Amino acid sequence: MATIETQKKSQPRLERAKADRLEARVTAEQKELLQRAAHLQGRTLTEFVVSSAQAEAERVIRDRDVISLSVRDSQAFAAIVLNPPAPNDRLRAAMRRHANEVEDEADG
């Protein structure tokens with residue numbers, strides 16, 4: 001039977017000047033909940049709130065910045081990228097318009 005030992009890791013703190021403030025109004029119940037969670041993690045309320053808010057902000061941004069495809073969709077995307085169809089008349093016309101606009105901008 002394996003024994004798992006846990007200990008609080010001492011994390012080196014990068015001291016950065018913290019000039020900006022962030023304030024929030026919360027209910028007594030919300031504050032109590034946040035304080036309890038902070039205590040359980042051995043953090044101050046501020047450390048807990050800031051790290052939790054930062055983690056959630058990073059998750060939200062990552063969810064918006066990353067496109068997730070199913071296996072089928074990713075295979076279809078890769079197939080089109082690796083073996084693109086021959087340009088049709090509309091694409092050739094668009095490429096000519098683009099080339100003309102680029103030339104006009106370079107001349108102008």
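Every number in this text was worked out from the coordinates using simple rules, so none of it is lab data. Nothing here was measured: the structure is a model prediction, and the numbers come from that model. Positions of Cβ are backbone-derived with ideal geometry, glycine not excepted, and every protein chain shown enters the neighbour counts.
See the values below:
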| quantity | calculated |
| --- | --- |
| Selection from Gln75, Ala37, Val50, by position along the positive dipole direction of the chain (Cβ) | Ala37 |
| Asp65-Leu34 pseudo-label distance in nm [points 7 Å out on the Cα-to-Cβ vector] | 2.5 nm |
| Mean ellipticity per residue at 222 nm, deg cm²/dmol - from DSSP H runs of n ≥ 4 across the chain, formula -39500 (n - 2.57) | -20000 deg cm²/dmol |
| Cα-based radius of gyration of the chain once divided by 2.2 N^0.38 Å, which approximates compact folds | 2.06 |
| Förster radius 35 Å - calculated FRET efficiency between Leu82 and Glu58 (Cβ-Cβ, nearest 0.05) | 0.60 |
| Helix runs (DSSP H) in the chain reaching 15 Å along axis by Cα, Kyte-Doolittle at least -0.5 | 45-65, 71-82 |
